[in-house]
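Novice: Here's a structure for you.
What follows is calculated from the coordinates using simple rules that are stated; it is not laboratory data. The structure displayed is predicted, hence computed values, not measured ones. As a convention, Cβ positions derive from the backbone with ideal geometry for all residues, glycine included, and neighbour counts pool all protein chains shown.
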Amino acid sequence: MEPVDQTTPTNCFQACLASILELPIADVPDVMNAADLPTPSHWLWPLQDWLQTLGLGVLCAVPQDPDFARFHSNAWLIAAGHSWREHEGHAVVWRDGAMVHDPHQARGGLRGEPREFYFFYLLDPADR
């Protein structure tokens, strides 16, 4: 993981993904802020499409999910929750039960516990 800071007030998820994948932020799509989404909640579909070009997939889990523990340990995750700033949502890089990088320059992390986590996994090359 190579820490990447966000470049706009709202591209924290993009910066977290760039950090985990160790890519320049300009090479990672800002799917959460794409103007062509049918609704704001449809950002996961273009993310999945882009990740597939890298041979990766994404899963979203909430901490209450009974399978959460088996994904949680020793993995680089994006944790999403409430921000300390004006924007309601925020994303940080998470590993082994703790935040390891906040892409916002203030480094305030999340307010309270994460609401959800995003896990990235390798796709089976035989399925591609």
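Novice: The range 84-114: which trypsin sites (Lys or Arg not before Pro) are DSSP loop and have at most 16 other beta-carbon atoms within 10 angstrom?
Specialist: Values: sites: Arg85, Arg95, Arg107, Arg111; in loops: Arg85, Arg107.
Loop-located and lightly packed - Arg85, Arg107.
Novice: So, one more: Most mobile of Glu88, Glu116, Glu22 per a Gaussian network model of the chain (Cα springs, under 10 Å)?
Specialist: With Cα springs under 10 Å in the chain, the top fluctuation among Glu88, Glu116, Glu22 is at Glu88.
Novice: Here's a follow-up. So what's the back-of-envelope 222 nm ellipticity for the chain, counting only DSSP H runs of four-plus at -39500 (n - 2.57) apiece and dividing by all residues, rounded to 500?
Specialist: Values: 3 runs with 25 residues, N = 128.
The helix contribution divided over the chain gives -5500 deg cm²/dmol.
Novice: What whole number of Å gives the distance from the Cα centroid of the range 1-62 to the Cα centroid of the range 97-117?
Specialist: Each part reduced to its Cα centre gives a spacing of 16 Å.
Novice: Of the peptides 23-29, 78-84, how do they stack up when ordered by the mean number of other Cβ atoms within 10 Å, highest first?
Specialist: In decreasing order of mean packing, 23-29, 78-84 become 78-84, 23-29.
Novice: For the range 85-128, go through all pairs of different Cα atoms, get the mean of 1/r, take its inverse, and jot down that Kirkwood value in Å.
Specialist: 12.7 Å
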